[in-house]
Amino acid sequence: MSEQPQVPPAEFQSYYGKPILKVSRWREPHLPAYLFLGELSGALAVVGAAADATGRRSLARVARVTAALGAYAGGAFLTAELGRPERFLNMLRVAKPTSPMSMGSWILASHSGLASAAAASEVTGLLPGLGALAGAGSAVTGPLLAAYPGVLFGNTAVPAWHEAHREITMLFAGGAMTAAGAAGLAASAVSPDRRDFDAAWKLAMIGAAVESAAGYGLETRPGKSGEPYRTGNSGRVLAAARYLTLSGGVAALAARRSRTAAAVSAALLTGGGICAKVAVLRAGKASAADPAYVVASQRPAEEPDPAMAAPA
Amino acid sequence: MTANRLYGPLADVSGDAGYAEHPQRVGFFTDTSVCIGCKACEVACKEWNALPEPDGDVLTLTGMSYDNTGALGSNSWRHVAFIEQPVPANGHAGELITQQPVDADGATRWLMASDVCKHCTHAACLDVCPTGALVRTEFGTVIVQPDVCNGCAYCVSACPFGVIDRREDDGRAWKCTMCYDRLRGGLEPACAKACPTDSIQFGPLDELRAVAQSRLEELHAGGETQARLYLDDPDDGIGGGGAFFLLLDEPEVYGLPPDPVVTTRDLPRMWQWAGAAAVVLAAGVAVAFSGRRDTA
């Protein structure tokens, strides 16, 4: 797809330059923190099950405990984000496939339950069979928890979110692997026996590759709707996220031999993941605040958007 | 799921929402060509619905002509836009519209339009609401139940018109109810009742569409070639509005999106993509664990 101006600037009209859309009420640090902790928990649940199945006991233990803590901490940030936090349970009043937040609430509720059951069994040694079963269940809810926020952002009227839903979803899936890898790297930096953690640094590198590729996809998104990902404050934060994630991925190469490298890599990857979430939130706010983005995305001169094609 | 639940024409919105028996779908036809900018609709709405004052200083002057309301929001459910527009020397010949305020030299025309919630056939706010606080009424309108809303603010970003918003001192989302209480009592909404020129017309949607069509033809015949109906078409991106408009210029001149599409149209493909991303995640972990355990 060739890049071309979608609306000649001279023809752009607006009502005193006022926004057509309302700028999102979602806040920092609440929403980015929730996104980061949710995907961390989601990916760590899968790591816990895989580590358990392959006999990496110390990694399984760290992963399961952190997965449970991450789910609860994420849920706390999500609740604090509400205008009426005391009505959090209204989220479970209905189940609506048309509402990614409804689906996400059910996923988070199931995931928290399964992850904490697995962690409780891991820590106490009680009911190991049920604990493994819950751990396996959380390995199913985990990827869903990490991937659904892409739909949460995509299913809005905000051009930078709606039209880039594929890149955002992949950014979060990659970010989930990176976050889980970083947690394993951090644990390996202080663990007496580091052999179990080989999978963590491999996962960190895979995640960093996927997250960076998706971030690059956002920054180079053709057309007007991608502009907030390469310009302004949101563009700078996304660029920072990519530098942090890439350098963290490179540092993970040395994590096997060096505890310091493991710790540095974990910090860089975590910082990159959090910056990426902040960048997506800010890009959406910039996209909603300027009526030019809305008009550009709706004028018939625009080419059909490849993002709306079904996944291959 | 039946056809057109997410997108496209939907003949019976209330029936689709589960009402076995229900009154006719009602709506607003706002004919901006006869709006005189009196803001009686804004006042009547605030009075009837006991709306609190907007955030900030109510005495602030925006500098946007006579518009000191600014936009629709949680505390402003009708908003009258004022546009002072230069008219080309040889353009704008419509006899009917020249009755609007025009400068002595004829170089400026004044567009005025009372905006309101569109009560979309496919309402994104309703689709994305996770608590079921937003519901379709038996009249085919869309309302928020204040006793259910937990203020997640998802609807705020989903609305393609920037209508619904959260009151920060209250924590919940608010918007036009089309005076649901008055409708239940057999009355017309306060704004339509107060409008002195019938710029705001209330009634069964089918009848309003017919009225709007004949008014459009009248204006076109009178030379007002830029007149157009907005959101009257059930084949548009929101399945047609429960509130629709006759405009005298491009929608964006009034602060309206030119061709809004309900975001949920694309939702099935977004879920598919999220499924693919979840598989990528699981595969990534599988690859990371695929080698032999490190024995170094």
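The values are calculated or read from the model by the stated rules, or taken from the named source; none is laboratory data. Keep in mind that this is a model prediction, so the values were computed, not measured. In this analysis, Cβ positions are derived from the backbone assuming ideal geometry, glycine residues included, and neighbour counts consider all displayed protein chains.
Considering only region A:95-116, state which residues are of a type in the set (S, T, N, Q) and in contact with a Ser or Thr (Cβ under 7 Å, 6 or more places away or on another chain).
A:THR98, A:SER110
Testing B:VAL211 on (1) in contact (Cβ under 8 Å) with a residue 12 or more places away in the chain; (2) farther than 24 Å from B:VAL34 by Cβ; (3) not basic (Lys, Arg), one condition comes back false. Which one is that?
Unmet condition: (2).
Can you give me the number of residues within region A:165-182 that are more than 9 Å from every other protein chain (Cβ to nearest Cβ) and touching a Leu at 6+ places or on another chain (Cβ under 6 Å)?
Here the count works out to 4.
Could you tell me whether any residue of region A:239-257 is more than 30 Å from A:ARG195 (Cα to Cα) and surrounded by fewer than 17 Cβ atoms within 10 Å (Cβ to Cβ)?
Scanning region A:239-257, I find at least one residue that is more than 30 Å from A:ARG195 (Cα to Cα) and surrounded by fewer than 17 Cβ atoms within 10 Å (Cβ to Cβ), so the answer is yes.
Does B:LEU267 satisfy the criteria of being part of a helix (DSSP H, G or I) and under 23 Å from B:TYR7 (Cα atoms)?
In short, yes.
Looking at (1) more than 26 Å from A:GLY181 (Cα to Cα); (2) among the charged types (D, E, K, R); (3) more than 7 Å from chain A (Cβ to nearest Cβ), which is the only condition B:GLU252 fails?
(3)
Are any residues in region A:47-66 over 21 Å from the mean Cα position of the chain (by Cα), more than 11 Å from chain B (Cβ to nearest Cβ) and among the basic types (Lys, Arg), and if so, which ones?
Within region A:47-66, just A:ARG61 meets the criteria.
For residues in region B:265-285 being closer than 30 Å to A:ARG56 by Cα and more than 7 Å from chain A (Cβ to nearest Cβ), which is nearest to the chain's Cα centre (by Cα)?
First, pick out the residues of region B:265-285 that are closer than 30 Å to A:ARG56 by Cα: B:274-285.
With more than 7 Å from chain A (Cβ to nearest Cβ) added as a condition, the list becomes B:275, B:279, B:283.
Numbers: B:GLY275: 32, B:VAL279: 38, B:ALA283: 43 Å.
Out of the qualifying residues, it is B:GLY275.
Here are the criteria: (1) hydrophobic (A, V, I, L, M, F, W, C); (2) part of a helix (DSSP H, G or I); (3) out of contact with any Leu (no Cβ under 6 Å at 6 or more places or on another chain); (4) free of Cβ contacts under 8 Å to residues at least 24 places away in the same chain. Tell me which single one A:PHE77 does not satisfy.
(4)
Looking only at residues in region B:119-139 that are assigned to a loop (DSSP other than H, G, I, E, B) and in contact with a Phe, Trp or Tyr (Cβ under 9 Å, 6 or more places away or on another chain), which one is surrounded by the fewest Cβ atoms within 10 Å (Cβ to Cβ)?
This residue is B:GLU138.
Take the conditions small (Gly, Ala, Ser), farther than 21 Å from B:LEU267 by Cβ and buried (at least 24 other Cβ atoms within 10 Å of the Cβ) and apply them to A:ALA136. Does it pass?
Against the criterion (small (Gly, Ala, Ser), farther than 21 Å from B:LEU267 by Cβ and buried (at least 24 other Cβ atoms within 10 Å of the Cβ)), A:ALA136 does not qualify.
Output the residue which, of all residues in region B:156-183 that are in a helix (DSSP H, G or I) and within 26 Å of B:GLN24 (Cβ to Cβ), is nearest to the other protein chains (Cβ to nearest Cβ).
Ranking the qualifying residues of region B:156-183, first place goes to B:TYR180.
Which one of B:ASP198, B:ASP170 is among the charged types (D, E, K, R) and more than 20 Å from B:LYS118 (Cβ to Cβ)?
B:ASP170
Within the bounds of region B:29-36, is there any residue that is assigned to a loop (DSSP other than H, G, I, E, B) and out of contact with any His (no Cβ under 6 Å at 6 or more places or on another chain)?
yes
Of all helices (runs of 4 or more DSSP H) completely enclosed by region A:145-230, which ones contain at least 1 residues that are charged (D, E, K, R) and buried (at least 24 other Cβ atoms within 10 Å of the Cβ)?
Ranges flagged: A:165-190, A:198-219.
Taking the condition over 17 Å from the mean Cα position of the chain (by Cα), in a loop (DSSP other than H, G, I, E, B), modelled with pLDDT under 90 and more than 13 Å from chain A (Cβ to nearest Cβ), does B:ALA93 pass?
Details: over 17 Å from the mean Cα position of the chain (by Cα): yes; in a loop (DSSP other than H, G, I, E, B): yes; modelled with pLDDT under 90: yes; more than 13 Å from chain A (Cβ to nearest Cβ): yes.
Yes.
Inside region B:279-296, can you point out the residues that are assigned to a helix (DSSP H, G or I) and surrounded by fewer than 23 Cβ atoms within 10 Å (Cβ to Cβ)?
Across region B:279-296, the qualifying residues are B:VAL279, B:VAL280, B:ALA282, B:ALA283, B:ALA286, B:VAL287.
Regarding B:GLY255, is this residue modelled with pLDDT under 95 and not aliphatic (A, V, I, L, M)?
no
Just to be sure before I move on: is A:ALA76 within 20 Å of A:GLU39 (Cα to Cα), surrounded by fewer than 17 Cβ atoms within 10 Å (Cβ to Cβ) and under 19 Å from the mean Cα position of the chain (by Cα) in the structure I sent?
Values: within 20 Å of A:GLU39 (Cα to Cα): yes; surrounded by fewer than 17 Cβ atoms within 10 Å (Cβ to Cβ): yes; under 19 Å from the mean Cα position of the chain (by Cα): yes.
Yes; evaluated as a whole, the condition is true for this residue.
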